[in-house]
Amino acid sequence: MSQIPSSDRAPEAVVVIYSGGMDSYTLLNRYKMQGCTLYALSFDYGQRHKKELRYAGQVCQTSGIPHKIIDIGQINQLLAGSSLTDNIQVPEGHYEDQSMRSTVVPNRNMIMLSLAIGYAVSVRATKVAYGAHGGDHAIYPDCRPDFVAKMNAVAAVANYDPVVISAPYLHWTKTEILREGLAMGLDYSQTWTCYNGREQACGRCGSCVERLEAFAANGQTDPLCYE
């Protein structure tokens, strides 16, 4: 039996976990430029920087990408102790600092990936993509290669239709991710990174510091306004 020419194959369907930040924004556009059929999935888990969801919605609306925002905020009754969701001050400085561990939301990515896998099966998508990257390894266990490998093994057997978890930036730095996005001509004023959900980005939390360093390393100026 002859194979169907690649030009005649249906586009690959991909569910992208889309926070509204710069990593997932780059990821979304990577698959968009590959011609994939996209389903963007965002989560309201009670994060203080809920502003990122508004950015995600605006991008998807402009791009005509189906977008769902799922409210899972009730899980915070079970998952206490994170400065992203509790009344705990957001630490400042680099991700490598011990204090940044307070930004860990227990089991967050496992919960999100599990829901995304179910969504992928329901829309017949073969892949779930999320923006874990190398800079997250030191602080976030659910962004490490071992976690992704084990979740992939589970995703392959959890349903009748196997789903692949894709994390193409798993070994990339934020600087490298931004470099790819700039090469694609992306507008990063359409993203929100700051862990504080105020009118302007704080420029001091770990997420802002890493973002600003990535722009500087690429010889560019961040289009966001900072306090």
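When region 42-52 is filtered for residues that are part of a helix (DSSP H, G or I) and crowded, with 21+ Cβ neighbours inside 10 Å, only Glu52 remains. Scanning region 104-123 for residues that are closer than 15 Å to Cys143 by Cβ and either of a type in the set (Phe, Trp, Tyr) or at pLDDT below 95 (or both) turns up Val104, Val105, Pro106, Asn107, Arg108, Asn109, Met110, Ile111, Met112. Being under 14 Å from Ser24 (Cα atoms) and of a type in the set (A, V, I, L, M, F, W, C) is a property that Ala217 lacks.
The residue of region 195-227 that is nearest to the chain's Cα centre (by Cα), among those that are of a type in the set (Phe, Trp, Tyr) and farther than 22 Å from Gly185 by Cα, is Tyr195. Applying the condition of being aliphatic (A, V, I, L, M) and assigned to a helix (DSSP H, G or I) to region 19-41 and asking which residue is surrounded by the fewest Cβ atoms within 10 Å (Cβ to Cβ) yields Met33.
Within region 136-151, can you find the residues that are modelled with pLDDT of 90 or more and either more than 15 Å from Arg108 (Cβ to Cβ) or in contact with a Phe, Trp or Tyr (Cβ under 6 Å, 6 or more places away or on another chain) (or both)? Those that are modelled with pLDDT of 90 or more and either more than 15 Å from Arg108 (Cβ to Cβ) or in contact with a Phe, Trp or Tyr (Cβ under 6 Å, 6 or more places away or on another chain) (or both): Pro145, Asp146, Ala149, Lys150. The numbered conditions (1) in contact with a strand residue (DSSP E or B) (Cβ under 9 Å, 6 or more places away or on another chain); (2) more than 13 Å from Gly21 (Cα to Cα); (3) assigned to a loop (DSSP other than H, G, I, E, B) are all true for Pro223 except (1).
Taken together, the residues in region 25-70 that are closer than 19 Å to Thr126 by Cβ and not hydrophobic (A, V, I, L, M, F, W, C) amount to 9. Here Ala153, Ala149, Ala158 are screened, and the one residue that is assigned to a helix (DSSP H, G or I), more than 30 Å from Val209 (Cβ to Cβ), aliphatic (A, V, I, L, M) and more than 13 Å from the chain's Cα centre (by Cα) is Ala153. Of the numbered criteria (1) touching a Gly at 6+ places or on another chain (Cβ under 7 Å); (2) farther than 24 Å from Ala214 by Cα; (3) hydrophobic (A, V, I, L, M, F, W, C), the one Ala56 fails is (2).
State whether one or more residues within region 201-209 are assigned to a loop (DSSP other than H, G, I, E, B) and either among the hydrophobic types (A, V, I, L, M, F, W, C) or in contact (Cβ under 8 Å) with a residue 40 or more places away in the chain (or both). Within region 201-209 (the criterion being assigned to a loop (DSSP other than H, G, I, E, B) and either among the hydrophobic types (A, V, I, L, M, F, W, C) or in contact (Cβ under 8 Å) with a residue 40 or more places away in the chain (or both)), the answer is yes, since at least one residue qualifies.
Summed over region 176-200, residues that are among the aliphatic types (A, V, I, L, M), without any contact (Cβ under 8 Å) to a residue 12 or more places away in the chain and either part of a loop (DSSP other than H, G, I, E, B) or in contact with a strand residue (DSSP E or B) (Cβ under 8 Å, 6 or more places away or on another chain) (or both) total 0.
The values are calculated or read from the model by the stated rules, or taken from the named source; none is laboratory data. Since the structure is predicted, the reported quantities are computational estimates derived from the model, not experimental observations. When we count neighbours, we look across all protein chains shown, and the Cβ atoms used for this are built from the backbone with ideal geometry, even at glycine.
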